[in-house]
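The structure under discussion appears below in the form of C-alpha cells.
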Amino acid sequence: MKRTLSILSILSLAFVMTMAQTTSAQQTKPEHFSKRQLNSLIATAKTPAEHQRIAQYYQAKAQDFLAQAKEDEQMVAAYKANPSLTAKSQASTINHCEYFVQTFKDLAAKSQELAQLHDQMAKDAEQK
C-alpha cells in the first residue's frame, strides 16, 4: 500500500512538472529590441504582425517600469521605517525614491499608450 502511494505520488509530481513546463513553453517571452532595431521596425511596420510585435514590446516595457516603481515604493517604506536616519537624510532619500516611483509610473503609462496605439494600427492593417 505504501509503495503504491509512493509510486502515485511520484507519477503525480512528474505529471505536474510536465504540465508546468508545457505551459511555460507556450507562453512566449516578449522580444527585446535594440534601439536601432525598434526604430527600424517602427519605421517599416506595415503588417498586423509587425505592429503586434511593437505593441508587445511596449507592453513588456510598461510592466518593467511598473516593477521598478514597485521596488522604489518598497524603498520608500523601508526608509520611513528606519528610525536611525536623521530627519534630513530620511526626507532626501524618501523624496529621491518617490521621484522615481512617479517617473516609472509615468513611463509605464506612456509605454501602455504606445502599445495601445500599435494594437490599433494592427487592427487597421488587418482591415486593409
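Of all the criteria given as (1) hydroxyl-bearing (S, T, Y); (2) without any contact (Cβ under 8 Å) to a residue 12 or more places away in the chain; (3) not in a loop (DSSP other than H, G, I, E, B), the one not satisfied by S84 is (3). If I ask for residues that are under 27 Å from the mean Cα position of the chain (by Cα) and either in contact (Cβ under 8 Å) with a residue 60 or more places away in the chain or open to solvent by 60 Å² or more (accessible area, probe 1.4 Å) (or both), which ones from region 89-106 would you list? Residues satisfying the conditions are N95, H96, E98, Y99, F100, Q102, K105, D106. Whether a residue is at pLDDT below 95 and open to solvent by 50 Å² or more (accessible area, probe 1.4 Å) was assessed, and T86 passes this test.
Consider region 45-81 and keep the residues that are touching a residue at least 40 places away in the same chain (Cβ under 8 Å) and β-branched (V, I, T). The one that is surrounded by the fewest Cβ atoms within 10 Å (Cβ to Cβ) is T47.
The values are calculated or read from the model by the stated rules, or taken from the named source; none is laboratory data. Worth saying up front: this structure is predicted, and the values here are computed from it rather than measured. Cβ coordinates were reconstructed from backbone atoms using ideal geometry, including for glycine residues, and neighbour counts include every protein chain displayed. The protein model used for the area step is the full one, side chains on, heavy atoms only, and it has no ligands, DNA or RNA in it. Shrake-Rupley method; radii C 1.70, N 1.55, O 1.52, S 1.80 Å.
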